[in-house]
Structures are given as structure tokens and as C-alpha cells.
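Here the structure comes first, spelled out in C-alpha cells, and everything after it is commentary.
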Amino acid sequence: MSRRRAGVPIPIAALAAVGVVFFVVPLVGLLARAPWGELGGLVTSDAALEALAVSAVSSLSATAVSAVIGIPLAWVLARAEFRGRSLVRALVLLPLVLPPVVGGAALLFALGRSGVVGGPLHEATGLVLPFSVWGVIVAAAFVSMPFLVITVEAALRNLDGRHEGAAASLGAGRWTVMRRVTLPMIRPSLVAGLVLTWARAVGEFGATVTFAGAAPGARTLPIAVFIALESDRDAAVALSLILVAVSLIVLVALRDRWAGGR
């Protein structure tokens, strides 16, 4: 028998419509302001291509760093019992609620040339993270990695452990169970977490501009939009449309994770 859905009360439907309009109007304003006739030239200008390249390199690098560090971290938070686990989880997820500018300032004081870690690192290796593409990668990873950790941890916690137990009973070692059983079973969540991490890294602005600055060579798409708003509104709108398109593609691609494909 098909399940009948209860009707939505008119006041609720009206308020929901207002909510939709609230989100649609800014997008309509952006589309109305778009210089469609000059769009191709604006998005292929030297400044736009440089910002696009920096965003591509930094976001992919930040996603790779997040995968290397974040997946084991999620595994420990989901599977290991230790004192202070709640505190560790809170610290890991802090960038989700922390104002990005505060996160950038914290990175600067910690990893800057005179920071508590950046100072000794510079003296030992000569490496300077702030105001470089390396700083962009660090800032992007800092704010985006929690998306991967929280997604993978939830998947591991909800995983049916009987399959892992069966593999272990047949003589498979821990690494084999992880590689052949666990990771394939959480692949949808793992992919979703990686995509969300990448999308967040692409759109990062506050921590990046605070820690890595806006100098050429470290100027991402969001920073380029911010700068262009002061001098070339058409270029700012064109670059904004790129970011909107990326965001919509990610949301549509991950719709099954949130709405069951409806």
C-alpha cells in the first residue's frame, strides 16, 4: 500500500515559500548582474586563471592532507576508547564553528615566522608558511578536514561489525580487514566526506586571507572575488558564478547522502 502524505498547513507552506525566496533572491541578483556577453573573456583572464590554478592546487592538496590525517583520526575517534576522547573530538571539530578569521589568526600565531612552531621551523628549514601557497593549503586543510572526520567517523560508528568479524574469523589480518572489508563498506561516506572537504577548501576565504594573505601566487578564487569587488564588479560576478556552479554541482552530486535521492 502506498503511504499517503499528510497535507502541509497553509501557514507552514507560506513560511517555507518565504524561506525558498530568501535563498533564491541573492542568486537571482547575481545572475541578473552577470555580464553574459563578456563572461568568457573574464573567466579566462590572467588573474582569473591564476586564481583558478591556486584554488585547484590548494584545494586538492588540502583534500589529500585531510585524507592522510583525517581518516586515521576518524578511525581512532570511532573505534578507540580513551580518556579525553570527547575533548579531542571537540578540538577536531572546532573549525566548523570557529570564525574563519580567528582560525587564520591562530594559524598565524602558531605557524607564522615568529610563531611557537613556525619560528623554530623557519630557523631549522627556512620554510615560511604564511603568505605563500603552502599557507593556503594549511589554512584550507584546517577548516575543511573536520567535514571528512565527522563523516567518516559517523560511517564507522554505524557500520555493521559482523562482516569485519567474519573476515577476521577466516584468518584475515587487521590491515586486510580494513582494506578489503571496512573501507569498501564505508566508501559512499568516504567519498562524500572527501567531496565536502574539497568543496569547503575551494570556498575558504577568512582563514586563508588572514594566514596566507592575498599576494599574487597565493590568491584563491574567493580572494580574487573580494579584490575584484573593489575594482572590477564584472570580474567579481564572473568568478562568483564559477564558485556557485561548483557548489551546486557538489550539492546535486551528494543529494543521495542527504535526501535519499528524492
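FYI, it's all coordinate maths here, none of it is from the lab. For clarity, every value in this text was computed on a predicted model and none was experimentally measured. Ideal geometry is used to build each Cβ from the backbone, glycine not excepted, and the neighbour counts take in all protein chains shown.
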Q: Select from region 145-190 the residues that are farther than 19 Å from A74 by Cβ and not in a helix (DSSP H, G or I) and list them in ascending order.
A: L170, G171, A172, G173
**Q.** Among (1) under 25 Å from V92 (Cα atoms); (2) part of a helix (DSSP H, G or I); (3) free of Cβ contacts under 8 Å to residues at least 40 places away in the same chain, the one test that G104 misses
**A.** (3)
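Can you report the number of residues in region 191-245 which are among the hydrophobic types (A, V, I, L, M, F, W, C), outside any helix (DSSP H, G or I) and under 16 Å from the mean Cα position of the chain (by Cα)? Full working, then the answer.
Here is the first cut: in region 191-245, the residues among the hydrophobic types (A, V, I, L, M, F, W, C) are 191-192, 194-196, 198-199, 201-202, 205, 207, 209, 211-212, 214-215, 218, 221, 223-229, 235-239, 241-245.
Now restrict to residues that are outside any helix (DSSP H, G or I): 205, 212, 214-215, 218.
Narrowing the set further to residues that are under 16 Å from the mean Cα position of the chain (by Cα) leaves 205.
Residues meeting the conditions: 1.
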Q: Name every residue in region 136-169 that is more than 16 Å from the chain's Cα centre (by Cα), more than 15 Å from I186 (Cα to Cα) and surrounded by 17 or more Cβ atoms within 10 Å (Cβ to Cβ), in order of residue number.
A: A167
Q.
Six or more apart or on different chains, Cβ atoms under 8 Å: show the pairs whose first residue is in region 53-81 and at positive phi and part of a helix (DSSP H, G or I) and whose second is surrounded by 15 or more Cβ atoms within 10 Å (Cβ to Cβ) and of a type outside the set (F, W, Y).
A. none
